[in-house]
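A quick write-up on the structure given underneath.
The values are calculated or read from the model by the stated rules, or taken from the named source; none is laboratory data. Owing to the predicted nature of the structure, the values given are computational and were not obtained by experimental measurement. In this analysis, Cβ positions are derived from the backbone assuming ideal geometry, glycine residues included, and neighbour counts consider all displayed protein chains.
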Amino acid sequence: MKNLDPLEIWFVTGSMNLYGEDVLRQVTEDSKQIASGLDGADAIPVNVIFKPVLTTPEAILRLCLDANAAPGCVGLVAWMHTFSPAKMWIAGLSALQKPLLHLHTQFNRDLPWAAIDMDFMNLNQSAHGDREFAYLESRLRLARTTVVGHWQDPAVADRIGTWSRAACGWHEAHGLKIARFGDNMREVAVTEGDKTEAQIRFGFSVNTYGVSELAAAVRAVADSDADRLVAEYDDTYEMAPELQREGDQRPALREAARIEVALRAFLVAGGFRAFTDTFEDLDGLIQLPGIAVQRLMADGYGFGAEGDWKSAAIVRLMKVMAIGLPGGTSFMEDYTYHFGSSGALVLGAHMLEICPSITQERPSCEIHPLSIGGKSDPVRLVFTASPGPAITVGLLDLGDRFRLVLNEVDVVAPTGRLERLPVARAVWAPRPDLATAAETWLMAGGPHHTSFSQALHPSHLSEFAEMAGVELLEIGDRTTVSDFKNAMRWNHVYYRLSEGL
């Protein structure tokens with residue numbers, strides 16, 4: 001079974017009737033074999049579905065409309081086995097609402113030099129047909145990804161797999177419902193934004209619910225349900241002495257369990273796959289949700305603290321894109337710096353809400369005071385993220401457009417034991433270095449809340465940004481401040497012109 005089953009991409013082949021039935025039968029057989037080969041590639045996490053060869057404008061339009069309406073179809077992979085007059089594709093491509101990948105390949109890997117004749121040339125002319133198709137894509141100003149290479153080449157499957165993961169994220173965005181418990185943190189700018197424009201651009205909806213609704217649900221949780229979850233906590237985590245069965249803070253653990261039971265039930269009942277809360281609006285809750293948020297994120301939910309619905313959205317979308325890949329994805333914040341002589345580092349954390357999917361160690365379940373919010377001490381999981389490469393991604397609203405900012409980082413072991421820091425955390429070295437990464441992130445207006453992923457690469461977000469038609473600014477090994485500044489200036493002109501003056 002594919003990692004993202006039952007989602008699928010449709011493999012679409014273009015040709016024309018002038019070649020006759022014998023050639024079209026061969027085109028069909030070859031296309032079926034390519035679709036089957038791609039479907040069997042481990043790098044492609046969705047099902048690849050062969051579709052009949054298209055030779056008329058009517059058939060092309062019908063297929064594109066069917067793709068739009070198919071709930072499991074996340075995109076089309078198009079290939080021209082022979083020549084396919086591109087005017088046939090105008091109506092279909094103009095109506096297509098799903099992501100498109102243009103695969104420029106051919107059935108045979110090698111030319112049979114001694115046996116080539118005109119029949120072979122007419123049948124195997126993707127070099128010809130795909131150029132005609134690409135002209136029409138360009139003429140229509142159609143956003144798409146182009147992949148060149150033989151279909152059996154693992155590098156081709158890798159690129160299609162990356163694109164298909166982004167397409168799954170784009171598909172998820174259009175059905176995503178985000179619940180906000182309370183508003184965003186007062187007087188904070190970057191967590192604000194245009195929710196209506198976000199729904200127009202990305203497809204996800206954001207709506208607010210009173211914290212009192214959640215508090216009432218917490219009070220209604222049956223003792224047996226809370227006890228069952230507490231027992232799961234005992235079995236799963238290293239339990240701090242005060243939270244153990246005879247510990248004096250055991251009631252606080254049961255309260256944390258009640259919050260998780262109620263919060264999970266609320267999200268499931270409403271079809272929500274991402275949510276936010278804020279410590280400034282905890283009316284009726286005894287403690288800020290900590291372990292509940294962490295465990296829900298580990299189960300795939302998106303989350304944003306302090307009402308940050310943009311972070312909740314991007315965490316959820318990146319979790320979907322990463323399904324089946326090694327490494328976790330979490331809500332994150334650049335919290336404080338280490339300007340050490342041996343190398344500058346970032347200590348990433350939040351008050352409570354970091355996802356345990358980013359560690360290989362067994363988390364410790366602890367309770368500590370939280371010097372903000374005015375509530376009882378919250379229960380949380382404490383751990384350190386596993387070393388290795390990762391990315392941090394922020395989504396912000398510039399007023400006239402949305403922007404994604406991405407930084408490649410290398411997670412490292414802390415140089416000290418952090419014995420007095422009772423929160424989950426990650427320590428990383430930003431690429432190319434802290435000074436350049438921080439300066440360019442600030443130039444871009446990047447938010448302090450991010451989605452942190454050890455599973456995804458910049459290419460996944462690049463494909464997603466292309467599908468969404470939003471700006472992506474990448475900070476990595478080759479970034480310089482001057483080049484980044486120029487890229488921002490060029491992007492400003494481009495996105496203003498692309499939306500019309």
Test: residue in segment 173-183 that is part of a helix (DSSP H, G or I) and touching a strand residue (DSSP E or B) at 6+ places or on another chain (Cβ under 7 Å): no
Any pair with Cβ under 8 angstrom, 6 or more apart, that starts in segment 479-501 at a residue that is touching a residue at least 40 places away in the same chain (Cβ under 8 Å) and ends at one that is β-branched (Val, Ile, Thr) and surrounded by 12 or more Cβ atoms within 10 Å (Cβ to Cβ): 479/436; 479/440; 480/436; 481/436; 481/440; 484/440; 484/475
Residue list for segment 116-152, filter: closer than 21 Å to residue 32 by Cα, β-branched (Val, Ile, Thr) and surrounded by fewer than 16 Cβ atoms within 10 Å (Cβ to Cβ): 146, 148
Any pair with Cβ under 7 angstrom, 6 or more apart, that starts in segment 149-173 at a residue that is free of Cβ contacts under 8 Å to residues at least 60 places away in the same chain and ends at one that is among the aliphatic types (A, V, I, L, M) and assigned to a helix (DSSP H, G or I): 149/155; 149/156; 150/156
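Any chance you could count how many residues in segment 210-251 are among the hydroxyl-bearing types (Ser, Thr, Tyr) and in contact with a helix residue (DSSP H, G or I) (Cβ under 8 Å, 6 or more places away or on another chain)?
Result for segment 210-251: 1.
Among the residues of segment 79-96, which ones are in contact with a helix residue (DSSP H, G or I) (Cβ under 8 Å, 6 or more places away or on another chain) and not aliphatic (A, V, I, L, M)?
So the first thing to find is which residues in segment 79-96 are in contact with a helix residue (DSSP H, G or I) (Cβ under 8 Å, 6 or more places away or on another chain), and the list is 79-93, 95-96.
79, 81, 82, 83, 84, 85, 87, 89, 92, listed by residue number.
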Where residue 43 falls short, out of the listed (1) touching a residue at least 60 places away in the same chain (Cβ under 8 Å); (2) under 24 Å from residue 93 (Cβ atoms); (3) under 36 Å from the mean Cα position of the chain (by Cα): (2)
Strands (runs of 3 or more DSSP E) wholly inside segment 1-106 containing at least 1 residues that are of a type in the set (Phe, Trp, Tyr), surrounded by 16 or more Cβ atoms within 10 Å (Cβ to Cβ) and modelled with pLDDT of 95 or more: 8-14, 47-50, 73-80
Which numbered condition residue 187 misses (of (1) surrounded by fewer than 14 Cβ atoms within 10 Å (Cβ to Cβ); (2) touching a helix residue (DSSP H, G or I) at 6+ places or on another chain (Cβ under 9 Å); (3) closer than 30 Å to residue 278 by Cα): (2)
Residue 24, sole failed condition from (1) touching a residue at least 40 places away in the same chain (Cβ under 8 Å); (2) farther than 21 Å from residue 164 by Cβ; (3) of a type outside the set (D, E, K, R): (1)
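With 282, 352, 288 as the choices, which residue is surrounded by 23 or more Cβ atoms within 10 Å (Cβ to Cβ), farther than 28 Å from residue 406 by Cβ, in contact with a Lys or Arg (Cβ under 8 Å, 6 or more places away or on another chain) and not aromatic (Phe, Trp, Tyr)?
Just one listed residue meets the conditions, 288.
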Any hit, segment 456-474, residues being in contact with a Lys or Arg (Cβ under 7 Å, 6 or more places away or on another chain), under 30 Å from residue 360 (Cβ atoms) and surrounded by fewer than 15 Cβ atoms within 10 Å (Cβ to Cβ): no
Selection within segment 414-434 - at pLDDT 95 or above, more than 20 Å from residue 355 (Cβ to Cβ) and in contact with a His (Cβ under 9 Å, 6 or more places away or on another chain): 434
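Per-residue answers, yes or no, for (1) exposed (fewer than 15 other Cβ atoms within 10 Å of the Cβ); (2) more than 19 Å from residue 381 (Cβ to Cβ):
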{"residue": "203", "(1), (2)": "no, yes"}
{"residue": "206", "(1), (2)": "no, yes"}
{"residue": "214", "(1), (2)": "no, yes"}
{"residue": "218", "(1), (2)": "no, yes"}
{"residue": "223", "(1), (2)": "yes, yes"}
{"residue": "228", "(1), (2)": "yes, no"}
{"residue": "235", "(1), (2)": "yes, no"}
{"residue": "239", "(1), (2)": "no, no"}
{"residue": "253", "(1), (2)": "no, no"}
Filter result for residue 312 (in a strand (DSSP E or B), assigned by TED's automatic domain parsing to the domain that holds residue 297 and either closer than 26 Å to residue 256 by Cα or in contact (Cβ under 8 Å) with a residue 24 or more places away in the chain (or both)): no
Qualifying residue in segment 59-67 (condition: free of Cβ contacts under 8 Å to residues at least 24 places away in the same chain, at negative phi, in the same structural domain as residue 155 (by TED's automatic domain parsing) and of a type in the set (A, V, I, L, M, F, W, C)): yes
